[in-house]
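Comments concern the structure below.
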Amino acid sequence: MSELTTPHAGDDHAADTDVVSLLMRQHGDIRNLFDEVEAADGEERRDAFRRLVRLLAVHETAEEEVVHPFARRGLTGGRQVVEERLAEEKAAKETLAELDDYDTDDPKFIPQLLKLRKDVQEHARAEERYEFTHIRRSTDSANLAAMAKAVKAAEAMAPTRPHPGVESGTANMAIGPLAALMDRTKDAVRKAMDTG
Amino acid sequence: MTFNPLEQRGIPLDRQLRSWRELNVDPIDPDHCDPYTRCRVIAMNGIEVEAIMFSHQLARNTVAPEVKQQLARTRYIEAQQQKVVNWLLPGVASVLETTIAYEQVAVDLTAWVARMEPDPQLKQAYQFGVLEDFDHLYRYANLYEMIEHRKAESIVEGLTEVMPGRPTRLHHRDPVDNVRRPYARDETHPLSKLHALTIMAAEQQTMNFYMNTGPTYMEPIARQLYQEIGLIEEEHVTHYESLVDPGETWWEQLVNHEYNECYLYYSFMEQESDPKVRAIWELHLNMELEHLHLACDLMRRHDGREPESVLASELPDVLTFEPNKRYVRELLDTQLDLTTLGTGYVRDAHERFEQMQEQIHGGEAPPSDRVMVEHGAMFGREYRVQTEGDHPDPSQREK
């Protein structure tokens, strides 16, 4: 096995001037974290799972605040496309909430995680194929860049990788304050969109 | 093992048609499947596509309406088989992740065939080609990490290494130098015919896949890389198809195709780890046995010869997907600097090769080199999977 780590979207040296590329790389980051949770156990699994939940929360919130509203307004048939994506997100959040009831070492945890993984992966590909392609086609590079900036602002608000000195804080954070995290993310995105 | 497909009867043709419900197969799970199950699916799809296209060509060269009708009946079943096999691939997989699996097929299938090939000239042709597929895997793996932030290792799972082969920019040869000398149909080992058909079909499917899916990407580097490697697949199809003796009659070729399908379905059935997929290999084997008998009848009728005269008396050892790391490393160590001249191989860049290189590159770095530069700018390193240590060639080690 190679020791290479792929940095998260935003942490690599990509120009990040296109919201679609950025979100597609983030879809990969989420998939990587699912791999990590599945492969780990004990405290490591707990930690990887928390990082996964945070990234999912930030990613989905940023999409709901940045790209879905644009798609709804800007695309022909956009309302329908976005309704379908939101329904998928809602289903995934419900699975996530059920998952929250188990300890990561609970035998029921992995089957539930695999269900979530399947939902999330199908949702991500549906976005890429039915929403993102149309977004790229129907807007200019300035707008793609502005949306990328807003998504990055969301991440800065809620770092999804432990930064030096805050590992224990991250590790101790239960999934409980997820709603608060989503609210903070929303605020950050809105602020970035206003000033962008 | 003694499995002689000529002595087995399969499912009668008029009972082979499947309904929508039966065609609607459950795809494999891209994140948890056996990587070699995915390889078998991709390889078998290539075989079925070749079966369909060969039958179409034969039909276009056939005058008798009743023969055309019989070809159409079998071909429709082959088309259903292709649908079932290729639809085992999951919709959630991206084109690029499927591409990496295609290159894993190319590496491990070609390397295995090279190891088992009895004819030294044919063996050389596979050894030459596999070092190019190996380099394609490495280039696409770097593109994959750039676009999807995923590692090729999550697809190949350490079964196949990912590192430089013969550099892709050097694969662009004068088309004349891609034509090899064919085996002699009456002298060659029956296994050699099956090998040539298998690799030709696999490379042809890869060519078709890249030529059709490449433009679905929006990222300029992805579009360009698919264009470049797509053109090398054209060279590979030329290379491998020229190994097959063109003196084989149409009917003899049809028999070889059907026999090869029996061989491969039997092989895959023997080694398949996924029970649902294994059931498909078994069912399709039982269909192919009947296709083989029908083809044999056509050969007897039209060529006035016994199919036994061109076929092996029993199936060769099963064709196996397994790691070939040590073998590929040996080739990397000894054959990296080869190119072709006429129907042979040379170590020096000759005039015709240089001319082609000059024209196609136009003084610029090709997409296969630029993808590495762009990847380096994004991550400050390359993407490789070297499970067995450093690259055998010191000049190809990561700086």
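The values are calculated or read from the model by the stated rules, or taken from the named source; none is laboratory data. Please read these numbers as outputs of a predicted model, since none were measured by experiment. Backbone-built Cβ (ideal geometry, glycine too); neighbour counts: all protein chains shown. Note: accessible area is taken over every heavy atom of the protein model, side chains too, but ligands, DNA and RNA are not part of it. Shrake-Rupley method; radii C 1.70, N 1.55, O 1.52, S 1.80 Å.
Taking Cα atoms only, the orientation of helix A:19-39 departs from the longest principal axis of chain A by about 10 degrees. The amide H of B:V346, built 1.01 Å from its N in the peptide plane, has B:T339, B:T340, B:L341 as neighbours under 5 Å, considering only residues 5 or more places off or on other chains.
Summarising the amide proton neighbourhood of B:V385: residues at separation of 5 or more, or on other chains, whose placed amide H is nearer than 5 Å comprise B:V162, B:M163. Within the assembled protein chains, the solvent-accessible surface assigned to A:K108 is about 120 Å², based on a 1.4 Å probe.
Quick one: helix B:325-335 against the long Cα principal axis of chain B, what's the angle to the nearest 10°, folded into 0 to 90? Long axis of B:325-335 versus the principal axis of chain B: about 70 degrees. In summary, the lysines within cross-link reach of B:K83, defined as a Cα separation below 20 angstrom excluding same-chain residues under 8 places away, comprise B:K276.
Inter-label distance, A:R73 to B:D26: 4.5 nm, where each label sits 7 Å from its Cα along the C-beta direction.
The relative contact order of region B:123-262 comes to 29 percent, based on Cα pairs under 8 Å that sit 6 or more residues apart. Classification of region B:66-108 by its C-alpha gyration tensor yields a prolate form. The axis ratio a/c (a ≥ b ≥ c) is 1.5 or more, and a/b outweighs b/c.
Of all lysines in the structure, those lying under 21 Å Cα to Cα from B:K123, and not within fewer than 8 positions of it along the same chain, are B:K193, B:K325. Here the Karplus curve 6.51 cos²θ - 1.76 cosθ + 1.60, taken at θ = phi - 60°, turns the phi angles of region B:133-142 into couplings of 4, 4, 6, 4, 4, 5, 5, 5, 4, 5 Hz, with x standing for Gly and Pro. How would chain A be classified by its alpha-carbon gyration tensor: rounded, prolate or oblate, with rounded meaning a/c under 1.5 and the a/b versus b/c comparison settling the rest? Taking the square roots of the gyration eigenvalues as a ≥ b ≥ c, chain A is prolate.
Between 0 and 90 degrees, the angle of helix B:65-86 with respect to the longest Cα principal axis of chain B falls at about 50 degrees.
For region B:73-98, the residues whose backbone nitrogen is under 19 Å from a point 7 Å from the Cα of B:M53, taken along Cα to Cβ, are B:75-87. Applying 1/(1 + (r/R0)^6) with r as the Cβ-Cβ distance of B:S309 and B:E234 and R0 = 30 angstrom yields a FRET efficiency of 0.30. Net charge near A:R190: determine it from the other residues with C-beta under 12 Å of the C-beta of A:R190, scoring Lys and Arg +1 and Asp and Glu -1. In short, -2. Note on A:T133 and B:H350: with the Förster distance fixed at 41 Å, the Cβ-Cβ geometry gives a FRET efficiency of about 0.35. If a/c stays under 1.5 just call it rounded; otherwise compare a/b with b/c (prolate if a/b is bigger, oblate if not). Do that for the protein assembly as shown, with a ≥ b ≥ c from the square roots of the Cα gyration tensor eigenvalues. Note, shape of the protein assembly as shown comes out prolate. Peptides B:20-27, B:175-182, B:79-86 ordered by packing proxy, namely the average of other Cβ atoms within 10 Å per residue, highest first: B:79-86, B:175-182, B:20-27.
Considering only Cα-Cα distances, which of the following residue pairs are longer than 22 Å: A:K118/A:K191; A:K93/A:K115; B:K151/B:K399; A:K93/A:K186? Where the Cα-Cα span goes over 22 Å, the pairs concerned are A:K118/A:K191. Here the gap between B:T387 and B:V95, fully extended at 0.36 nm per residue and compared with their Cα-Cα distance, gives a gain of 102.6 nm. The phi torsions of region A:123-133, fed into the Karplus equation with coefficients 6.51, -1.76 and 1.60 and a -60° offset, translate into couplings of 4, 4, 5, 5, 4, 4, 7, 9, 10, 5, 4 Hz, rounded to whole numbers, with Gly and Pro shown as x. Between A:R85, A:R73, A:R25, the Gaussian network model of chain A with springs among Cα atoms under 10 angstrom shows the greatest mean-square fluctuation at A:R73. Counting only protein heavy atoms and using a 1.4 Å probe, the accessible area of B:D14 comes to about 120 Å². Distance between the 7 Å Cα→Cβ label points at B:Y76 and B:T343: 4.2 nm. Per-residue 3J(HN,Hα) values for region B:365-375, derived from phi via the Karplus relation 6.51 cos²θ - 1.76 cosθ + 1.60 with θ = phi - 60°, read 6, x, x, 5, 8, 5, 5, 6, 5, 5, 5 Hz in sequence order (x marks Gly and Pro).
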